[in-house]
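Peer 1: Sending over a structure as structure tokens; questions will come in a sec.
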Amino acid sequence: MATSLIERDKQVVWHPYTPQKSMPVQIPVVKGDGTYIIAADGKAYIDAISSWWVTIHGHANAYIAEKIYEQAKMLEQVIFAGFTHEPAVRLAERLLEILPGNFAKAFYSDNGSTAVEVGIKMALQYWWNKGDKKRNKILALNHSYHGDTFGTMSLSERGVFNLAFHDKLFEVIFIDPPVAGTASYAGPWDEIACIIYEPLLQGAGGMNMYEAAALNELLKTCHAHGVLCIADEVMTGFGRTGKLFAGMYVEEKADIICLSKGLTGGTMALGVTACTDKIHSAYVDDDRQKTFFHGHSFTANPLGCAAALASMDLLLRPECQAGIDRISRQHKHFIEKLKADTRFSGKIKHLRSLGTIMAFEIETGRDGYLNAVGLEITRKALEHGVYLRPLGNTVYIMPPYCITEEELQKVYDVIEEVL
Ligand SMILES: *Cc1c(COP(=O)(O)O)cnc(C)c1O
């Protein structure tokens, strides 16, 4: 007798970020269609968080699928040391044109954590290659999240995600997210190699938003002291914050930028770390020890690059920007509506939005990722055909840009209903 997919899954699969005791059942999915995730039982759910923030053009986009298929018939993969190919070169050319800063080189990897690992290693070895042994400390922001590998855990807020590994993480100097007019770090500066930050919006740390002017001041101060600035735009990149990149809101530009998530429209695993000519030139040397000894099996995977090129085509179309602008406006209206609604006063707080992202906290007397109210909201919203996945008591919406006005309104209605 056929066992259900749920049962077979339970037997052999371990899911990410999922408690293994009394866990909610995993919903078998057979299809994606634009804004919708379609389950095996025929139920359709609006994917209000773009499947962990990656699916910017919606699911099963025919244009991206076509480009991946064409590439797969030509060249699916080739070692990227000693060989190159058109999709990788073209993607680098096109990215360097639109990135916020004077970036000169693109280094490929295959996810957000590796893009950040590459960025931090690039910055540390920059100083090592220059013979500056003292510049070896890293600044990062409180509430930050940069990934789940050891290096990126070290750069992230010490919290519940990495509790079991605290004694294995390397030392980082944590400072408060910038506030205009206040210095969050007073020095000493001569030991600082680099600073890493999620520009304007700290994602997994709780959708914390901070001002562009404050970030600009911080970056200016860092640059004045010779510190390299690494922008982690894994989440904020590719239109999420209203502009193509969050770095476009700030005048002072990063030296290194890390990208993934929306890069391929959420279709293929790919990471990019771009750096300025200043960084790269420290690696141009006769001494072979000054080589950047880093690479992954799937570095610059041609299918991933083809998907990223196709996703960029879609992103740069005026109708895509129009969708982003419309979502931003709808979020602002919804926030005003929630603020004015007396049913919710004292029950929700910190209503905020930035571009296509909208968030607030549920007042439970205790903030944090382990707050169980999030699970309850996921469960109730699913019953109404919407997929939400709060970070503890932080509820947020981060929809695909193709979501229609009516579909987004449905998400709002369901949130009100669930509240
Ligand atoms: C998701 C995320 C990462 C890690 O990316 P993965 O692809 O999940 O490894 C890094 N930085 C930020 C800001 C992220 O949101």
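The values are calculated or read from the model by the stated rules, or taken from the named source; none is laboratory data. It should be emphasised that the depicted structure is a prediction, and the values quoted were computed from it without experimental measurement. Every residue, glycine as well, gets a Cβ built from its backbone with ideal geometry; the counts of neighbours run over all protein chains shown. Just so you know, the surface numbers come from the protein's heavy atoms only, side chains and all, with ligands and any DNA or RNA stripped out. Shrake-Rupley method; radii C 1.70, N 1.55, O 1.52, S 1.80 Å.
Peer 1: Residues being surrounded by fewer than 24 Cβ atoms within 10 Å (Cβ to Cβ), assigned to a helix (DSSP H, G or I) and either within 18 Å of the chain's Cα centre (by Cα) or near the ligand (Cβ under 10 Å from one of its atoms) (or both): count how many of those fall in the range 104-134.
Peer 2: Count: 1.
Peer 1: Okay, moving on. Out of all the residues in the range 281-327, which are assigned to a loop (DSSP other than H, G, I, E, B) and either in contact with a strand residue (DSSP E or B) (Cβ under 6 Å, 6 or more places away or on another chain) or of a type in the set (Gly, Ala, Ser) (or both)?
Peer 2: Initial filter on the range 281-327 (assigned to a loop (DSSP other than H, G, I, E, B)): 282-287, 291-301, 316-317.
Ala282, Gly295, His296, Ser297, Thr299, Ala300, listed by residue number.
Peer 1: Could you grab me the full set of residues in the range 162-196 that are more than 22 Å from Arg135 (Cβ to Cβ) and surrounded by fewer than 17 Cβ atoms within 10 Å (Cβ to Cβ)? First the steps, then the outcome.
Peer 2: The first filter runs over the range 162-196 and keeps only residues more than 22 Å from Arg135 (Cβ to Cβ), leaving 162-168, 176-177, 179-182.
Residues satisfying the conditions are Leu163, Ala164, Phe165, His166, Asp167, Lys168, Asp176, Val179, Ala180, Gly181, Thr182.
Peer 1: Restricting the first residue to the range 262-289 and requiring it to be within 16 Å of the ligand (Cβ to nearest atom), which pairs with a second residue that is of a type in the set (Asp, Glu) meet a Cβ separation below 7 Å and a spacing of at least six or different chains?
Peer 2: Between residues of the range 262-289 that are within 16 Å of the ligand (Cβ to nearest atom) and residues that are of a type in the set (Asp, Glu), the close pairs are Ala269/Asp110; Leu270/Asp110; Gly271/Asp110.
Peer 1: Let me ask something additional. Just for helices (runs of 4 or more DSSP H) wholly inside the range 1-91: which have at least 2 residues that are under 30 Å from Gly239 (Cβ atoms)? Walk me through it before giving the result.
Peer 2: Numbers: elements: 5-12, 50-53, 62-74.
Where helices (runs of 4 or more DSSP H) fall fully within the range 1-91 and carry at least 2 residues being under 30 Å from Gly239 (Cβ atoms), they are 50-53, 62-74.
Peer 1: A further question on this structure: Which of the residues belonging to the range 207-219 are open to solvent by 10 Å² or more (accessible area, probe 1.4 Å) and within 16 Å of the ligand (Cβ to nearest atom)? Write out each step before concluding.
Peer 2: Keep residues of the range 207-219 that are open to solvent by 10 Å² or more (accessible area, probe 1.4 Å), which gives 208-213, 216-218.
Answer for the range 207-219, where residues must be open to solvent by 10 Å² or more (accessible area, probe 1.4 Å) and within 16 Å of the ligand (Cβ to nearest atom): Asn208, Met209, Tyr210.
So that you can scan it fast, the table gives a plain yes or no per residue for (1) assigned by the TED database to the domain that holds Lys349; (2) touching a residue at least 60 places away in the same chain (Cβ under 8 Å); (3) over 24 Å from the mean Cα position of the chain (by Cα); (4) assigned to a strand (DSSP E or B):
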| site | (1), (2), (3), (4) |
| --- | --- |
| Asn371 | yes, no, no, no |
| Ile377 | yes, no, no, no |
| Val395 | yes, no, no, yes |
| Pro400 | yes, yes, no, no |
| Leu408 | yes, yes, no, no |
| Val411 | yes, yes, no, no |
| Val414 | yes, no, yes, no |
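Peer 1: Taking Glu86 as the residue in question, decide whether it is without any contact (Cβ under 8 Å) to a residue 60 or more places away in the chain, more than 16 Å from the ligand (Cβ to nearest atom), open to solvent by 60 Å² or more (accessible area, probe 1.4 Å) and closer than 18 Å to Asp277 by Cβ.
Peer 2: On the way: without any contact (Cβ under 8 Å) to a residue 60 or more places away in the chain: yes; more than 16 Å from the ligand (Cβ to nearest atom): yes; open to solvent by 60 Å² or more (accessible area, probe 1.4 Å): yes; closer than 18 Å to Asp277 by Cβ: no.
So Glu86 does not fit the description; no.
Peer 1: Identify, by number, the condition in (1) of a type outside the set (A, V, I, L, M); (2) closer than 30 Å to Tyr249 by Cβ; (3) surrounded by fewer than 16 Cβ atoms within 10 Å (Cβ to Cβ) that Arg94 doesn't meet.
Peer 2: The single condition Arg94 does not satisfy is (3).
Peer 1: If you go through the range 143-161 one residue at a time, how many are modelled with pLDDT of 95 or more, open to solvent by 20 Å² or more (accessible area, probe 1.4 Å) and within 17 Å of the chain's Cα centre (by Cα)?
Peer 2: Residues in the range 143-161 being modelled with pLDDT of 95 or more, open to solvent by 20 Å² or more (accessible area, probe 1.4 Å) and within 17 Å of the chain's Cα centre (by Cα): 5 in total.
Peer 1: Output the residues belonging to the range 28-76 that are under 24 Å from Ser4 (Cα atoms) and open to solvent by 50 Å² or more (accessible area, probe 1.4 Å).
Peer 2: If the condition is that a residue be under 24 Å from Ser4 (Cα atoms) and open to solvent by 50 Å² or more (accessible area, probe 1.4 Å), then Val29, Val30, Lys31, Asp33, Tyr36, Ala40, Asp41, Gly42, Lys43 are the ones that fit.
Peer 1: Determine whether the range 141-163 contains at least one residue that is of a type in the set (Lys, Arg) and under 23 Å from Asn371 (Cα atoms). So that I can check it myself, show each step before the final result.
Peer 2: Restricting attention to the range 141-163, the residues satisfying the condition of being of a type in the set (Lys, Arg) are 158.
The next check asks that each one be under 23 Å from Asn371 (Cα atoms); those that pass are 158.
Scanning the range 141-163, I find at least one residue that is of a type in the set (Lys, Arg) and under 23 Å from Asn371 (Cα atoms), so the answer is yes.
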